Amino acid sequence: MRIAIASDHAAVALKAELVAWLGGEGHEVADLGPQGVESVDYPDYGYKLAEEIAAGRADWGIALCGSGIGISIAANRHPACRAALVSEPLSARLAREHNDANVIALGARLIGIEMAKACIETFLATPFGGGRHERRVEKLSHPHFTREHA
């Protein structure tokens, strides 16, 4: 799998651990930065990650910041991106099954490395459930789709 990963300065250490682990698991990983702990703006990296997903250069995305909130909001600004902030494997599974999320967001200040790995493993292994969820997910990618069109 091709996985793009991006963070802000608060999540650089977690990102480095995840990049090494994912590579060891046989995934192709694109580290979109940053590389250092100097202060950066999480929207820049959330947008960069969303562009990788939208362009098809990555199958999946991992977005990291201190809380996971800011970078997930930034990534979700792109209609091709469905970023889900999760903190445990159940929410990771439901994000894939019900929402066809293509980006998992994690808060580096809120989650440890082992829980982060468990969430990512579940996220990557869970297929989209389809069925009744397809119409709803379609609406996420087309923000001008209204109830009249349903």
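Determine the percent antiparallel among the DSSP beta bridges restricted to the stretch 2-149, to the nearest 5. Counting DSSP beta bridges with both partners in the stretch 2-149, the antiparallel share is about 0 percent. In plain terms, the chain is cut at each of the trypsin sites (Lys or Arg not before Pro) found in a DSSP loop with at most 14 other Cβ atoms within 10 Å, and the longest leftover piece is 1-56.
Of Ala83, Ala63, Val12, which is farthest towards the positive pole of the chain's charge dipole, taken about the Cα centre with +1 and -1 on the beta-carbons of Lys, Arg and Asp, Glu respectively? With unit charges placed on the Cβ atoms, the residue in question is Ala83. Rg and Dmax of the stretch 48-129, based on Cα coordinates, read 11.5, 31 Å. Give the longest segment of the chain that steers clear of GluC sites (Glu not before Pro) in DSSP loops with at most 16 neighbouring Cβ atoms within 10 Å, not counting the sites themselves. With GluC sites (Glu not before Pro) excluded where exposed in loops, the chain gives 39-150 as its longest stretch.
Modelled spin-label separation between Ala55 and Ala13, with each label point placed 7 Å from Cα along the Cα-to-Cβ direction: 3.1 nm. What separates the Cα centres of the stretch 18-40 and the stretch 72-123 is a distance of 16 Å. The dipole here belongs to the chain: it is taken about the Cα centre, uses +1 on the Cβ of Lys and Arg and -1 on the Cβ of Asp and Glu, and is about 520 debye.
Using the Karplus relation 6.51 cos²θ - 1.76 cosθ + 1.60 with θ = phi - 60°, the per-residue 3J(HN,Hα) values for the stretch 46-59 come to x, 5, 4, 5, 4, 5, 4, 5, 4, 7, x, 7, 9, 7 Hz, with x marking Gly and Pro. Remark: the stretch 27-71 carries a charge dipole of roughly 80 debye about the Cα centre, counting +1 on each Lys and Arg Cβ and -1 on each Asp and Glu Cβ. Net charge of the neighbourhood of Ala75, taken over other residues with C-beta under 14 Å away and scored Lys/Arg +1, Asp/Glu -1, is -2. Pairwise Cα distances in the chain exceed 24 Å in 25 percent of cases.
Read-outs: derived from the displayed coordinates by stated rules, not from any lab. The structure presented is a predicted model; accordingly, all values stated were derived computationally and were not measured. Cβ: placed from backbone, ideal geometry, glycine included. Neighbour counts: every protein chain shown.
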